[in-house]
Amino acid sequence: MDYTVELYKLDRRMKDGKKLVYKTDYEGVTLDQMERMYPVRPGYVRFIHETYVTKQNLMTGVEYKERYDTPYSCSPASETYWSM
C-alpha cells in the first residue's frame with residue numbers, strides 16, 4: 001500500500017498552530033512500518049495518510065483514484081470542477 005507522511009512542528013506563530021517540516025511518499029510499506037519509522041516526538045505532530053483514495057466522478061459515476069490532498073476544485077468528484 002502507498003502512504004504519505006507529513007511531519008509538522010508545533011508553532012504558535014502559524015495560523016493553524018503547526019508548520020510543515022517534512023512530507024514524503026512511500027510505496028510498498030505497511031502502516032506498522034511507517035509508525036516505527038516516524039515515532040511521535042514532543043513538539044511535533046505526525047500524520048500518515050493513504051496516498052490515494054477512491055472517489056466517484058460526479059458526471060459519469062465511474063470510480064477512480066486520486067491523491068488525498070487534491071484540492072476540492074480540482075477533483076472530478078466535485079461540482080466546482082464541472083462548473084468552471
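The rows are residues; the columns are (1) at positive phi; (2) surrounded by 15 or more Cβ atoms within 10 Å (Cβ to Cβ); (3) of a type in the set (Ser, Thr, Tyr); (4) touching a residue at least 24 places away in the same chain (Cβ under 8 Å).
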{"site": "TYR8", "(1), (2), (3), (4)": "no, yes, yes, yes"}
{"site": "GLY17", "(1), (2), (3), (4)": "yes, no, no, no"}
{"site": "PHE47", "(1), (2), (3), (4)": "no, no, no, yes"}
{"site": "THR51", "(1), (2), (3), (4)": "no, yes, yes, yes"}
{"site": "GLU63", "(1), (2), (3), (4)": "no, no, no, no"}
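Does any residue of segment 30-38 turn out to be modelled with pLDDT of 95 or more and under 18 Å from the mean Cα position of the chain (by Cα)? It would help to see each step written out before you state the result.
First, pick out the residues of segment 30-38 that are modelled with pLDDT of 95 or more: none.
No: zero hits.
Check every one of the strands (runs of 3 or more DSSP E) wholly within segment 25-78 and list those with 1 or more residues that are farther than 26 Å from LEU7 by Cβ.
By residue number, 52-56, 63-67.
The values are calculated or read from the model by the stated rules, or taken from the named source; none is laboratory data. No experiment lies behind these values; they were computed from the predicted model shown. Positions of Cβ are backbone-derived with ideal geometry, glycine not excepted, and every protein chain shown enters the neighbour counts.
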